[in-house]
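Here's the structure, in structure tokens; my notes come after.
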Amino acid sequence: MKHRSVSVCVIGGGIIGSWAALHLAEAGVDALLLEQFPLPHTRGSSQGASRAFRYFGEETMDRLDYSMERWRALEHACGEPLFLRTGLVNFGPPGDPWLERHLAIARAAGKDCEWLDAAAIRQRFPAMHYPEDWGAAWDPEGGILLAQRCLAATQDRFRAIGGAVLQACASAIDAAADGAVTVSLREDAGQAEIAIKCEQLVVCAGPWTGRLLPTLRPALKTLAIPVTYWRDASGECDAARGFPIIYNARLTGIYALPACEYPGLVKVLYHGGPEAEPETRDVPDRAPWERRVGAYVREHLPALDGHQPAIREACMYTMTPDNDPVIDRLSERVTVGCGFSGSGFKHSPATGHMLAALALGREAELPAGFQRARYAARRLAVA
Ligand SMILES: Cc1cc2nc3c(=O)[nH]c(=O)nc-3n(C[C@H](O)[C@H](O)[C@H](O)COP(=O)(O)OP(=O)(O)OC[C@H]3O[C@@H](n4cnc5c(N)ncnc54)[C@H](O)[C@@H]3O)c2cc1C
């Protein structure tokens with residue numbers, strides 16, 4: 001068997017692995033990014049053209065502040081927009097303790113979040129219909145990360161500074177005789193028999209993580225999330241016309257992004273779905289979740305054609321029992337980033353920074369606000 005040796009191998013060319021690889025290359029490390037599918041692909045969790053970025057609702061802002069700085073720097077480096085600021089509303093009744101607590105957290109962190117009462121909502125966003133007494137927390141810095149471009153820009157930057165990308169499927173991870181790690185590659189599609197030998201391995205395999213790291217498997221649940229797009233004939237719900245992201249997942253399971261990804265179509269998602277394997281994600285019936293989305297659209301967004309979605313897609317979430325990801329070293333040579341459920345994209349520059357620091361033994365250099373202990377694997381009683 002032939003070996004290719006690298007200092008650090010990163011498995012998974014989604015947004016998490018791509019940022020981890022970029023941080024490693026920035027640190028001057030000989031890094032290889034391994035991806036099973038030809039890039040770009042639509043089979044994992046980072047696909048599609050849009051992801052919400054929000055400060056409101058987070059407990060701490062350090063990872064978000066760092067990430068936004070990196071998104072802006074990447075935007076500058078690649079010369080095209082990666083972020084569209086639209087603002088974000090999070091609805092609920094006045095006096096809702098969760099909303100009040102998060103308004104206080106955001107304001108204490110210097111964010112300009114404020115409460116909009118029902119009259120202000122009606123005046124600013126007449127295309128939204130919520131209960132008469134409901135208002136919303138307003139996060140003016142929320143917006144849309146142009147996900148497909150973000151992913152391509154991260155990988156392009158990685159390549160531009162010397163990183164290598166290899167299309168191949170990792171089939172097994174083993175300890176080599178000299179203590180290094182060997183990653184065997186699947187031998188289909190005419191691939192020569194080859195293995196990657198590395199000093200450090202970073203596994204960012206999204207919903208496939210449990211296959212490569214069986215100790216984590218019992219703690220990870222993979223779901224097929226219904227993603228639906230609804231026609232807005234009025235043009236009022238367009239990002240370009242200042243329509244914001246609607247984040248209502250806590251009370252209703254629903255969040256929506258203004259028309260931007262496909263012209264004239266508003267993206268509405270349910271924060272949940274049937275359990276599914278990534279290869280067969282279209283098999284389980286998503287209709288019960290889509291019906292809830294449809295009822296929400298008809299009740300709260302009457303400008304949309306609520307008869308049926310114009311487009312139906314699915315995307316994979318990887319959930320942990322406490323909904324927090326695992327960003328940790330599992331052994332002396334293996335680091336993992338997984339379980340990002342529905343909120344991993346916005347933080348991915350900070351997550352990549354953490355993964356690279358862990359792989360290089362430089363975790364002491366990470367800012368305390370990155371809360372490394374919170375994301376430890378041992379909290380799941382698996383490592
Ligand atoms: C519908 C939906 C909406 C979302 N909305 C938001 C949002 O608004 N805001 C937000 O911040 N986040 C959001 N998220 C979450 C975010 O998109 C994910 O957390 C993030 O994309 C996870 O990226 P990943 O790199 O961990 O996984 P993936 O993108 O799945 O990447 C894993 C990669 O590893 C590769 N791989 C796996 N196994 C192997 C192997 N054996 N060999 C080689 N390669 C392998 C896969 O092919 C894949 O490319 C959303 C997610 C979904 C599904």
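GNM remark for the chain: springs join alpha carbons under 10 Å apart, and the peak mean-square fluctuation among Ala152, Ala73, Ala357 falls on Ala73. Under the criterion of Cα pairs below 8 Å and six or more residues apart, the relative contact order for the chain equals 23 percent. Here the Karplus relation 6.51 cos²θ - 1.76 cosθ + 1.60, evaluated at θ = phi - 60°, turns the backbone of region 15-22 into coupling constants of 5, 6, x, 5, 5, 4, 5, 4 Hz, with x for every Gly and Pro. Under the classification rounded if a/c is under 1.5, otherwise prolate if a/b is larger than b/c and oblate if not, where does region 59-144 fall, given a ≥ b ≥ c as square roots of the Cα gyration tensor eigenvalues? Note, shape of region 59-144 comes out oblate.
Where does the charge balance sit around Ile161 when Lys and Arg score +1, Asp and Glu -1, over other residues with C-beta under 15 Å from its C-beta? Summing Lys and Arg as +1 and Asp and Glu as -1 gives 0.
Geometric descriptor of the chain, per residue, is 136 Å³ (volume of the convex hull of the Cα atoms). Within region 198-241, list the residues whose amide N lies under 17 Å from a label point set 7 Å along Cα→Cβ of Glu363. Answer for this model: 200-204, 216. Loop-resident GluC sites (Glu not before Pro) (DSSP state other than H, G, I, E or B) in region 112-215 with no more than 13 further Cβ atoms inside 10 Å of their Cβ: Glu132, Glu187, Glu193. Panel order for Lys221, Lys2, by other beta carbons found within 10 Å of each beta carbon, from fewest to most: Lys2, Lys221.
Looking at the chain alone, DSSP beta bridges between its own residues are antiparallel in about 70 percent of cases.
Per-residue Karplus couplings for region 347-361, computed as 6.51 cos²θ - 1.76 cosθ + 1.60 with θ equal to phi - 60°, are listed in order as 7, 4, x, 5, 5, x, 4, 5, 5, 5, 5, 5, 5, 9, x Hz, Gly and Pro entered as x.
Neighbours of Cys338, meaning other residues whose beta-carbon lies under 12 angstrom from its beta-carbon, give a summed charge of +1 when Lys and Arg score +1 and Asp and Glu score -1.
Mean-square fluctuations from a GNM of the chain, with a 10 angstrom spring cutoff on Cα atoms, peak among Asp238, Asp139, Asp322 at Asp322. In units of the compact-protein estimate 2.2 N^0.38 Å, region 1-88 shows a Cα radius of gyration of 1.30.
Computed from phi, the 3J(HN,Hα) profile of region 172-179 under the Karplus parametrisation 6.51, -1.76, 1.60 (θ = phi - 60°) reads 7, 10, 9, 7, 7, 4, 8, x Hz, with x in place of Gly and Pro.
Quick one: net charge of Gly110's neighbours, Cβ under 11 Å, K/R +1, D/E -1? Net of charged neighbours comes to -1. Max-minus-min Cα coordinates of region 123-250 on each principal axis give 68, 38, 28 Å, with the largest extent listed first.
Among the cysteines of the chain, Cys78, Cys113, Cys150, Cys169, Cys204, Cys237, Cys260, Cys315, Cys338 have no other cysteine beta carbon within less than 4.7 Å of their own.
Rule-based calculations on the coordinates, nothing more; no lab input. Quick caveat, the model's predicted, so the values are computed rather than measured. No Cβ is skipped: glycine too gets one built from the backbone with ideal geometry, and neighbour counts run over all protein chains shown.
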